[in-house]
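Remarks on the structure that follows.
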DNA sequence: CGTATCCATTGACGATCATCAGTTCAATTG
DNA sequence: CAATTGAACTGATGATCGTCAATGGATACG
């Protein structure tokens, strides 16, 4: 992170013209950026992040009825957050009779995680 | 990720009582969750994610005038995204005369990155 | 059957977001 | 000084978000 640089415009600026041409470009293409941003968006709420945390620590499947009382939120709100996570592809669920069990999908966080720690 | 489990209510359910007591708890405390969620929120936009990507790849500092033409967005909009990233503590900027140079703050993404790859 | 239970969905609310056109501010140049 | 330039700020608009009360649907139990 401590690379020095020239804090000079990348190009001499003739008056009446733009200051410089871009010499930097994203390594991450638009599509990757959109995929990772959508994962980040799903994690961009403390409740959802904690939900994912619980589900990850319990590699198995966790009943919704165990998740709801962890938060000071109504059951529909927790259900909504789980839906957001499901639609982002981060978790999935399975019904077993009256209960619904949620679990983290393997590799769902891999791309974002890899980019962040690169 | 492939641990098996008992898909049974954690407790026999006497009619007229809640289905089960929670046996799972978040490892991540509320405050950590809020910090990481706020970082994720700042990254929850493809433009901002690409901005961070560019700034990270160029460990030095990049002029705003180089960033604006990378996107099909107005200059005030790019400036707004940079402000969001700055307020999240992910980037910082330095003025050099007429130009503003942005750079990624070291370790800003560390906590989220660590949690994601844990 | 009827009733209780768990979970999802709906509709509504205020709050926040992404974007732009227009403007302001600071610094450089002539 | 006046004109120009790079970047941030302002205000506005339409979209999305987080939350809840109320409801609906499915399953289990007596």
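The values are calculated or read from the model by the stated rules, or taken from the named source; none is laboratory data. Everything quoted here is computed from the prediction, not taken from an experiment. Cβ: placed from backbone, ideal geometry, glycine included. Neighbour counts: every protein chain shown.
The table for this structure:
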| read-out | value |
| --- | --- |
| Candidate set: region A:18-55, residues that are in a helix (DSSP H, G or I) and touching a strand residue (DSSP E or B) at 6+ places or on another chain (Cβ under 7 Å); chosen: the one nearest to the other protein chains (Cβ to nearest Cβ) | A:54 |
| Lone unmet requirement of (1) surrounded by fewer than 21 Cβ atoms within 10 Å (Cβ to Cβ); (2) more than 22 Å from residue A:113 (Cβ to Cβ); (3) at pLDDT 95 or above for residue B:67 | (1) |
| Candidate set: region B:56-84, residues that are within 11 Å of DNA strand C (Cβ to nearest atom) and assigned to a loop (DSSP other than H, G, I, E, B); chosen: the one farthest from the other protein chains (Cβ to nearest Cβ) | B:74 |
| Members of region A:102-118 that are facing chain B (nearest Cβ under 9 Å) and either in contact with a strand residue (DSSP E or B) (Cβ under 8 Å, 6 or more places away or on another chain) or surrounded by 19 or more Cβ atoms within 10 Å (Cβ to Cβ) (or both) | A:103, A:104, A:105, A:109, A:112, A:113, A:115, A:116 |
| Any hit, region A:62-85, residues being within 10 Å of DNA strand D (Cβ to nearest atom) and in contact (Cβ under 8 Å) with a residue 40 or more places away in the chain | yes |
| Looking only at region B:85-100, and only at residues there that are surrounded by fewer than 19 Cβ atoms within 10 Å (Cβ to Cβ) and either more than 13 Å from DNA strand C (Cβ to nearest atom) or in a helix (DSSP H, G or I) (or both), the one that is nearest to the chain's Cα centre (by Cα) | B:89 |
